[in-house]
Amino acid sequence: MNNRQIEVMIIGPTNLGPYHLARFNALADAGLTLTVVQTPISEFHRPWKLDADQAHFQIERPYEANGTRVGWRELIGCTQKYLARKSPQAVICVGYNSRYIWAMSISGRRLGIPVVLSLVGWEKERRRTWIKEIVKRFYCRYCFDAALVTGTRAAAYAQRLGVDMARIWKVGNV
């Protein structure tokens, strides 16, 4: 068996909370070389402050300097350069609701890096807009190779969004 560690990049959590720390430390302790990419989105309803010394993984903020001020084309370009330089074996996107996640998933697809959707939501948890659901289906079919979901309802939603059921894994939540 190959002794090379698996290198995974996770993007999505802006403010890392205690449950993120527990999850990501468990992945790192299991042998993954893990990089967590934080985005410059302010989350007033999640005011956590992380003690980075407790993290068993690397935290990077590639968008911090100018990511909020660039247009879509520049965001894709700088994300693609960043991913090409880092060259992870997989990218996990926590959700699909920010321009940074869209840029990371599209760039991963272009570079041939497997992109995985981490999905906690399910279709009937709230009222959905049909036009947004059509856009999400197109996006998810194009950008995601697999999905990690929190349960049966999230698995059904991931499948409805276009992820092949054979590539959907139930991993629970916290």
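The values are calculated or read from the model by the stated rules, or taken from the named source; none is laboratory data. Just so it is clear, the model here is predicted, and its values are computed rather than measured. Neighbour counts run over all protein chains shown; Cβ positions are idealised from the backbone, glycine included. The accessibility values were calculated without ligands, DNA or RNA, using every heavy atom of the protein model including side chains. Shrake-Rupley method; radii C 1.70, N 1.55, O 1.52, S 1.80 Å.
Assorted remarks:
- Boolean, Thr152 is touching a strand residue (DSSP E or B) at 6+ places or on another chain (Cβ under 9 Å), over 20 Å from Pro88 (Cβ atoms) and either at pLDDT below 90 or open to solvent by 90 Å² or more (accessible area, probe 1.4 Å) (or both): yes
- Residue selected from segment 85-111 under the condition among the polar types (S, T, N, Q) and at negative phi, by the criterion most open to solvent (accessible area, probe 1.4 Å): Asn97
- When each of Asn2, Asn66 is tested for being in contact with a Cys (Cβ under 9 Å, 6 or more places away or on another chain), at pLDDT below 85 and loosely packed, with under 15 Cβ neighbours inside 10 Å, the lone residue that passes is Asn66.
- Only helices (runs of 4 or more DSSP H) whose full extent lies in segment 57-170 are considered here, and the ones with at least 3 residues that are free of Cβ contacts under 8 Å to residues at least 12 places away in the same chain are 72-86, 130-143.
- Filtering Leu34, Leu16 for residues that are modelled with pLDDT of 85 or more and open to solvent by less than 60 Å² (accessible area, probe 1.4 Å) leaves a single hit, Leu34.
- Residue check for Ser105: modelled with pLDDT of 90 or more and more than 15 Å from the chain's Cα centre (by Cα): no
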